[in-house]
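Visitor: Here it is: the structure, laid out below.
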Amino acid sequence: MTRRMMPLLIALMCFVLGCVTPLNSRQKSEYESLSARGLLVEEKDPKLAAVLGILPGGGSFYTGEFGLGIVNLAAWPYSILWDPISGADAAKKINFYATVAEMEAKRNREFKQLDRQLEDGDMAQAIYLKKKREIEDKYSVQSAH
């Protein structure tokens, strides 16, 4: 391998390794819907992750992708081409999964409260089932569309 090929090979490896898998199309749709409804939990700011991606490995380090951050740091200034996008995608992915986890936790708390009311005899079975469906619909990510 010639010396001229080495930087090209390193840049190609860094590009392939430096990309975070973005949300799939269904998740993107759910993400936008949750955001529009004001339900999105924002642990990481995608805009800040993109801006930090201009710095050597900044977007990756900000989103907790330390291995990719080191690769992007080593590949700087070439990593400026992909790290802002990669950082923003990683931040959106973190926010999506944090939102899903929070909605699931809230749903489970409401289910427990509903179960206690049924066990204590405070509500009829038919009302319990109706309220349970309402809770499922309320916290379903798919119902956010």
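What follows is calculated from the coordinates using simple rules that are stated; it is not laboratory data. A quick note: this is a predicted structure, and the numbers were derived from the prediction, not measured. When we count neighbours, we look across all protein chains shown, and the Cβ atoms used for this are built from the backbone with ideal geometry, even at glycine.
Visitor: How large is the Kirkwood hydrodynamic radius of the stretch 68-118, in angstrom, based on all distinct alpha carbon pairs?
Guide: After inverting the mean inverse Cα-Cα distance, the result is 13.7 Å.
Visitor: Right, another one. Just the number: Rg to Rh for the stretch 38-145, Cα atoms, Kirkwood Rh, two decimals.
Guide: 1.29
Visitor: Can you sort R133, R107 by how many other beta carbons sit within 10 Å, fewest first?
Guide: By the 10 Å Cβ count, ascending, the order reads R133, R107.
Visitor: Also, quick follow-up: Given R₀ = 41 Å, what would the calculated FRET efficiency be for F111 paired with I70, taking r from the Cβ atoms and rounding to 0.05?
Guide: Once rounded, the FRET efficiency stands at 0.45.
Visitor: Take M103, M123 and order them by how many other Cβ atoms sit within 10 Å, fewest up front.
Guide: Taking fewest neighbouring Cβ atoms as first place, the list is M123, M103.
Visitor: Length gain on complete extension for the stretch T21 to D120, per 0.36 nm per residue less the alpha carbon to alpha carbon distance?
Guide: Length gained between T21 and D120: 30.9 nm.
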